[in-house]
Amino acid sequence: MAREMQKSTMFIEQNTGDYENGDPQKNLDDDGREKRTGTWVTASAHIITAVIGSGVLSLAWAIAQLGWVVGPAVLIAFSFITYFTSTLLADCYRAPDPVHGKRNYTYMDVVRAYLGGRKVQLCGLAQYANLLGVTIGYTITASISMVAVKRSNCFHKHGHHVKCQTSNNPFMIIFACIQIFLSQIPNFHKLSWLSILAAVMSFTYASIGLGLSIAKAASGGEHVRTSLTGVQVGVDVSGSEKVWRTFQAIGDIAFAYAYSTVLIEIQA
């Protein structure tokens, strides 16, 4: 009798909960987490924002330093590396089966699922070093851009004979404080409108950079020229400056290929 009453009670409680709250599994994914609501539009916005970052604005300068032989070769090399790592990470999102396996939500989850052991610590060190470098790069790029805008306004107001020197440090601090504030927003990934806006901005400043380059080349003049080896030693720069600019150009190109760093998060 007690067993029958327990069954009836459990049956009644389950029905009551289902009636009041609906099917609890309906709003959950196969991993028990809140159902993902991302679409191909929001995913594309995330990808475009990650691919067309501010690093593309320095590619013209980088090619000018490396020349028309080494420059495109470095671009193709980094694009192949990014394609390979992105494809590899996409296949590693689920483990051990790439379709029905357990989900990995972060890069470290992927490493832990497939490698494990000491490799997790080594890959974690490499990942955080990479993230630190990218963060520093974005902070420097943002401050340089803001200083350029301020100097441009100064030139328009006082003329190009004025030096209009401005320090980057205050703008770095401002940008870093904004980043720290935004990083505290919970469920930041759900702000799909922000990614769509960022994707539009990415296309905008990339188009502006392309348009300015075409206008500069079309205008002619003695300073508009290209070469197979980039800037020439003894003519444009010294030997040490050539070496320094070469490594800086390679670093700028590498900075423009930061997409695979956030691929797992976008896929999740």
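Below are the figures for this structure:
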| item | result |
| --- | --- |
| Verdict on Gly38 being at pLDDT 50 or above, in contact with a Ser or Thr (Cβ under 9 Å, 6 or more places away or on another chain) and assigned to a loop (DSSP other than H, G, I, E, B) | yes |
| Residues (of a type in the set (Asp, Glu) and modelled with pLDDT of 80 or more) located in region 214-248 | Glu241 |
| Residues located in region 84-119, provided they are among the charged types (D, E, K, R) and open to solvent by 90 Å² or more (accessible area, probe 1.4 Å) | Lys102, Arg112, Arg118, Lys119 |
| Filter result for Thr166 (polar (S, T, N, Q) and either more than 17 Å from Cys92 (Cβ to Cβ) or exposed (fewer than 12 other Cβ atoms within 10 Å of the Cβ) (or both)) | yes |
| Lone unmet requirement of (1) within 16 Å of the chain's Cα centre (by Cα); (2) more than 21 Å from Phe78 (Cβ to Cβ); (3) surrounded by 13 or more Cβ atoms within 10 Å (Cβ to Cβ); (4) not hydrophobic (A, V, I, L, M, F, W, C) for Thr261 | (2) |
| Test set (1) polar (S, T, N, Q); (2) under 22 Å from Ala268 (Cβ atoms); (3) touching a residue at least 40 places away in the same chain (Cβ under 8 Å) - Thr87 fails condition number | (3) |
| Conditions (1) touching a residue at least 24 places away in the same chain (Cβ under 8 Å); (2) not in a helix (DSSP H, G or I); number of the one not met by Ala198 | (2) |
| Test: residue in region 169-183 that is touching a Phe, Trp or Tyr at 6+ places or on another chain (Cβ under 6 Å), assigned to a helix (DSSP H, G or I) and surrounded by 15 or more Cβ atoms within 10 Å (Cβ to Cβ) | no |
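The values are calculated or read from the model by the stated rules, or taken from the named source; none is laboratory data. Note that the coordinates shown come from a computational prediction; the quantities given were computed from them, not determined experimentally. FYI the Cβ positions are ideal-geometry reconstructions off the backbone, even for glycines, and counts take in every protein chain you see. Ligands, DNA and RNA are excluded from the accessible area calculation, which covers all protein heavy atoms including side chains. Shrake-Rupley method; radii C 1.70, N 1.55, O 1.52, S 1.80 Å.
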